[in-house]
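Structure, as structure tokens:
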Amino acid sequence: MLARIATFAIDGIDPRHVWVEVDIRSGLPAFTIVGLGDAAVRESRDRVRSAIMNSGYEFPQTRITANLAPAFLRKVGPGFDAALAIGVLAASGQVPAGALSAYAVFGELSLGGELRDSPGALAVAEGARRAGLERLIVPRERAREAALVDGLEIAGVSTLREAAGVLHGEPLPALPAHVHGAPARATAATTFEPDLADVRGQAAPLLALEIAAAGGHNLLLEGPPGTGKTMLARRIPSILPEMTRAEAIEVTRIHSVAGLHAAGLIQTRPFRAPHHTISAAGLVGGGALPRPGEATLAHHGVLFLDELAEFQRPSLDALRQPLEDGRVSIVRGQRALVFPTRFMLVAATNPCPCGFAGVGDRCRCGEPDLRRHQRRLSGPLLDRMDLLINVERPSEEELRASPETSSGRARARVATARERQRRRLEATSATCNGEMDARIVRRYVRLEEPAERVLAQAYVVGALSARGRHRVVRVAQTIADLERHDRITQADVLTALSLRQRGAAETALAA
Amino acid sequence: MTPRACDACTSRTWLLGRMGGHIDRFRGRLEHVLELDDDGLISAAGGRTRARLRDELESLDLERVRARSRAAGLETICRCDPAYPPALLALPAPPAVLHVAGGLGRLLELTAAEPVAIVGSRRPSEYGREVARSLGRSLAVSGLTVISGMALGVDSAAHAGALDGGSGTVAVLPGSAERPYPAAKRALHRRILTGGAAVSELGPGTSIWRWMFLARNRIIAALSAMIVVVEATEYSGALVTARVAREIGRPVGAVPGRITSPQAAGPNGLLAAGACMVRGAQDVLDHLFGAGVRLAGAPRARQPPAELRPLLAAIAEGHETPAALGRAGFGPDQGLAALAALELGGFVRRGPGGRFSAIP
């Protein structure tokens, strides 16, 4: 007898519809699985047999053939266990085969018949909805996550027996608590999140942080060790606008597939800070079976590269496509996988190899050291950094003073500025000032006459390169949005100039 | 003028370059080594080298040596020539041949009046760099030639300042005049040659050894009417220049520095030993020509707009970073824009670590 049930393979971060077909024939007892499965899928035979018998069902002593279709798709991992077990039960008449057509089943089995926590349930749920299925059986730990997808009934079960019960028409088990409408940021847990109110002093860096968040500008923090570069960077997600539900679901799906997150919707923007020894594949994704890299895990959030000068050149070069296109494609075999990578890049570096340039007489670096440091930093990645902030040690009085601002206040200003940008850039591909290319700038950015003059002067005296000029205009537009200026004023341009990132050509090392 | 160098001087120069690293291994002061005649130099080298050097010197083709200089675009003059800069003859062992890039005539003209050497550390503080630069500029504007060694740090800043001031400047190089040393100063070397000159004792293609820097320093000291040390640690080569200058009777000036800074140890030590205090170009002019006889040219008479003046004053007082300025009452919302305006106007310069310094 033949039974067929839907499940999903996770390909990169996307669900792919897979049919599990189980056929039972008379013959010598055997259990074969075909359909390009990996070792985990092959081993699934033993898990399925033990799980079925330990759940009190009968494992048919006949010839069983299971096929995972489509046959060309490589199937990875233990997530097919539950579907295989249900398929065997249906084919042997132990659960009603007719009910299966509306169901998808996903999860790993233990020998005792429990459904184990399996990453990627949200992606599976999205696949099930897209395939027009009505119900999805997932491990109980993943039920909240899968329930984020509307228009799908989720059965969170903890054992194979419960799953069979659902197919027998028993009522769906209630979802674990706190699924729908979890409040966005007001819960008690969120008060422990990093907040700008923790920062003392640092007036100029705070202003720059706000500008960066408001315009989606990539940001370089420069300063001696221990001055608070990392502390500032960690607080950027707290002032970015809240994620839309679609964005939140996308982030949750990515983190679920990566096995980093178990329950419910992720509502704070991700902050990823990979160590500087990371490889190119770790940063942008890759491996024989491509997995999302840090760039993708930082999607809709912040990717923070501390000690930028220490990263290997190939890793940094690999970030170019993700930064430019907002996605990265990884080609394996005959297929290309696309991972989304729309993140804000924040990097921190010491001003010189010893770290103390500009701190009294502490710096022991010579001109060649500085030059080498500059060369290590420069390159295509630095071209994408709109803002440079110098972070200094706060003074003793500042440490004791009250905070300059709070994340709530900054977030409100950022949100207003973003709204202005959204309205202005509606007709373009850019969603914020940081994404404007030269053409959009020409078309939509308006400067007041004195502002034009300052910009021209900066260009003429050689303080700016052509590309640098473009960066300054983008930042000035964001400052104007924060200040609610309709056209960019002279002060906006001057502020942007003082926060400009100086490329190698513009550095005043020459003498 | 057809520049020339006599046979003896040409072969002497060739020998110095040929001996290269051997001279580094000699014990004793470089001055004494350079005072040795050709034979003495060769004898000081070890066993087999000695014979080989003698052979090579014997069979040296002087025309080929001269041709090489010509091919490198260098003009030469030897110490037997009446036009040889008389100032150098004050040295116990003046360089046998001067190799000049940028024009011998120009070199003689630039060093004829009262040239001033500005020397110092290769790792100056931002302040030191700025002082060297502005001193170079004011001296240039006042009509004096600035001489230095084109090394990293103070030397280069002094040259750059002189170029800013719109006058020719003379770089004395340890290796060969047509080749920038250090190589990182390629662009500066090119700019110096457009209106000034680079000069060296050794011929083209000589590889550089340690002693050549000290030998170069003595030329700087002798060529200048006064030398000014901007910043230097206790072990700096700039102090060698100062010592040579004192020995041959050139006045030495020094820019005072903070006693806690290692880079100030050199100049402060010189001041304690009686060097002339240099607080600006006027001090140099007073010392060379008598108090108040010549006035330093004002390189920049203009002032920033009135609203920027308090900020500029605060920077000049030592509030060098946006944070420090914030503490002095210039918040980031106004202060950052004003800083950029000052920077664009050429009133302040932004150094490493986002530190601003006023351009004097």
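The values are calculated or read from the model by the stated rules, or taken from the named source; none is laboratory data. Quantities reported herein were computed from a predicted structural model and do not represent experimental measurements. Here the Cβ positions follow ideal geometry from the backbone for every residue, glycine too, while neighbour counts run over all protein chains shown.
Can you tell me which residue within segment B:261-278, out of those that are touching a Gly at 6+ places or on another chain (Cβ under 7 Å) and part of a loop (DSSP other than H, G, I, E, B), is nearest to B:Val228 (Cα to Cα)? Among residues in segment B:261-278 that are touching a Gly at 6+ places or on another chain (Cβ under 7 Å) and part of a loop (DSSP other than H, G, I, E, B), the one nearest to B:Val228 (Cα to Cα) is B:Val278.
What strands (runs of 3 or more DSSP E) completely inside segment A:93-157 contain at least 1 residues that are surrounded by fewer than 17 Cβ atoms within 10 Å (Cβ to Cβ)?
Details: elements: A:103-105, A:135-139, A:153-157.
Once the strands (runs of 3 or more DSSP E) in segment A:93-157 are filtered for at least 1 residues that are surrounded by fewer than 17 Cβ atoms within 10 Å (Cβ to Cβ), what remains is A:153-157.
For segment B:340-350, residues that are facing another protein chain (nearest Cβ under 8 Å) and either out of contact with any Leu (no Cβ under 9 Å at 6 or more places or on another chain) or farther than 14 Å from A:Asn390 by Cβ (or both) total 4. The residues of segment B:1-42 that are assigned to a loop (DSSP other than H, G, I, E, B) and of a type in the set (A, V, I, L, M), listed by number, are B:Met1, B:Ala5, B:Leu36.
So in segment B:144-163, with the set limited to residues that are of a type outside the set (A, V, I, L, M) and over 8 Å from the mean Cα position of the chain (by Cα), which one is nearest to the other protein chains (Cβ to nearest Cβ)? So the residue we want is B:Gly153. Against the conditions (1) part of a loop (DSSP other than H, G, I, E, B); (2) of a type outside the set (A, V, I, L, M); (3) under 30 Å from B:Arg327 (Cα atoms); (4) within 31 Å of the chain's Cα centre (by Cα), A:Glu426 satisfies every one except (3). Screening B:Gly128 with (1) touching a strand residue (DSSP E or B) at 6+ places or on another chain (Cβ under 7 Å); (2) within 14 Å of chain A (Cβ to nearest Cβ) gives one miss only, at (1).
Quick grid of which residues meet (1) surrounded by 21 or more Cβ atoms within 10 Å (Cβ to Cβ); (2) under 20 Å from B:Val33 (Cα atoms); (3) out of contact with any Phe, Trp or Tyr (no Cβ under 9 Å at 6 or more places or on another chain); (4) among the aromatic types (Phe, Trp, Tyr):
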| position | (1), (2), (3), (4) |
| --- | --- |
| B:Phe213 | no, yes, yes, yes |
| B:Val244 | yes, yes, yes, no |
| B:Ile259 | no, no, yes, no |
| B:Gly274 | no, no, yes, no |
| B:Arg279 | no, no, yes, no |
| B:Gln282 | no, no, yes, no |
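Helices (runs of 4 or more DSSP H) fully within segment A:277-390 that include at least 2 residues being assigned by TED's automatic domain parsing to the domain that holds A:Arg469 and farther than 22 Å from A:Asn218 by Cβ: A:367-377.
Going by the structure shown, is B:Gly292 surrounded by fewer than 20 Cβ atoms within 10 Å (Cβ to Cβ) and either within 12 Å of another protein chain (Cβ to nearest Cβ) or at pLDDT 80 or above (or both)?
On the way: surrounded by fewer than 20 Cβ atoms within 10 Å (Cβ to Cβ): yes; either within 12 Å of another protein chain (Cβ to nearest Cβ) or at pLDDT 80 or above (or both): yes.
Answer is yes for this residue.
Does B:Ala281 meet the test of being at pLDDT below 80 and more than 14 Å from chain A (Cβ to nearest Cβ)? When the stated conditions are applied, B:Ala281 does not pass them.
Any idea which of A:Gly112, A:Gly127, A:Gly151 is touching an Asp or Glu at 6+ places or on another chain (Cβ under 9 Å), more than 18 Å from A:Gly12 (Cα to Cα) and small (Gly, Ala, Ser)?
Details: A:Gly112 fails: touching an Asp or Glu at 6+ places or on another chain (Cβ under 9 Å); A:Gly127 fails: more than 18 Å from A:Gly12 (Cα to Cα).
Just a single option satisfies the conditions, and that option is A:Gly151.
For the condition free of Cβ contacts under 8 Å to residues at least 24 places away in the same chain and assigned by TED's automatic domain parsing to the domain that holds A:Thr227, what is the one hit in A:Ala417, A:Ala412, A:Ala401? It would help to see each step written out before you state the result.
Values: A:Ala417 fails: free of Cβ contacts under 8 Å to residues at least 24 places away in the same chain; A:Ala401 fails: free of Cβ contacts under 8 Å to residues at least 24 places away in the same chain.
Going through A:Ala417, A:Ala412, A:Ala401 in turn, just one is free of Cβ contacts under 8 Å to residues at least 24 places away in the same chain and assigned by TED's automatic domain parsing to the domain that holds A:Thr227: A:Ala412.
Of the residues making up segment A:210-249, those that are within 11 Å of another protein chain (Cβ to nearest Cβ) and in a helix (DSSP H, G or I) are A:Glu210, A:Ile211.
For segment B:92-201, give me every one of the strands (runs of 3 or more DSSP E) that falls completely inside it and has 2 or more residues that are over 30 Å from B:Asp38 (Cβ atoms) and touching a helix residue (DSSP H, G or I) at 6+ places or on another chain (Cβ under 6 Å).
On the way: elements: B:97-101, B:116-119, B:146-148, B:169-173, B:197-200.
Answer list for segment B:92-201: B:116-119, B:146-148.
Kindly indicate whether B:Ser236 is polar (S, T, N, Q) and within 20 Å of B:Ser357 (Cβ to Cβ).
The answer is no for B:Ser236.
If only residues of segment B:164-179 that are of a type outside the set (A, V, I, L, M, F, W, C) and closer than 21 Å to B:Leu16 by Cβ are counted, the one that is nearest to the chain's Cα centre (by Cα) is B:Pro174. For segment B:319-339, check the following and say yes or no: at least one residue is more than 14 Å from every other protein chain (Cβ to nearest Cβ) and within 32 Å of the chain's Cα centre (by Cα). No, there is no match, as no residue in segment B:319-339 is more than 14 Å from every other protein chain (Cβ to nearest Cβ) and within 32 Å of the chain's Cα centre (by Cα).
Which residues, taken from segment A:290-316, are of a type in the set (S, T, N, Q) and surrounded by 23 or more Cβ atoms within 10 Å (Cβ to Cβ)?
A:Thr296
Exactly one residue among A:Asp46, A:Asp14, A:Asp81 is farther than 30 Å from A:Gly293 by Cβ and acidic (Asp, Glu), and that residue is A:Asp46. Taken over segment B:248-260, the criterion of being part of a loop (DSSP other than H, G, I, E, B) and under 20 Å from B:Glu126 (Cα atoms) is satisfied by B:Val255, B:Pro256, B:Gly257, B:Arg258, B:Ile259, B:Thr260.
When A:Gly286, A:Gly333 are checked against the criterion of being out of contact with any His (no Cβ under 6 Å at 6 or more places or on another chain), within 21 Å of A:Pro380 (Cβ to Cβ) and at pLDDT below 90, A:Gly286 stands alone in meeting it. The set of residues from segment A:69-81 being surrounded by 15 or more Cβ atoms within 10 Å (Cβ to Cβ) and in contact with a Leu (Cβ under 7 Å, 6 or more places away or on another chain) comprises A:Leu73, A:Arg74, A:Lys75, A:Val76, A:Phe80, A:Asp81.
Residues in segment B:40-88 that are under 20 Å from B:Ala5 (Cα atoms) and free of Cβ contacts under 8 Å to residues at least 24 places away in the same chain: B:Glu58, B:Ser59, B:Asp61, B:Glu63, B:Arg64, B:Ala67, B:Arg70, B:Pro82, B:Tyr84, B:Pro86.
So if I check each of A:Arg116, A:Arg161, which one is out of contact with any Phe, Trp or Tyr (no Cβ under 9 Å at 6 or more places or on another chain), under 23 Å from A:Val95 (Cα atoms), at pLDDT 85 or above and of a type outside the set (Gly, Ala, Ser)?
Values: A:Arg161 fails: out of contact with any Phe, Trp or Tyr (no Cβ under 9 Å at 6 or more places or on another chain).
After ruling out the rest, the residue left standing is A:Arg116.
No other residue among A:Ser429, A:Ser407 is more than 14 Å from chain B (Cβ to nearest Cβ) and either surrounded by 18 or more Cβ atoms within 10 Å (Cβ to Cβ) or charged (D, E, K, R) (or both) apart from A:Ser407. For B:Cys80, the conditions (1) surrounded by 18 or more Cβ atoms within 10 Å (Cβ to Cβ); (2) part of a loop (DSSP other than H, G, I, E, B) all hold with the exception of (1).
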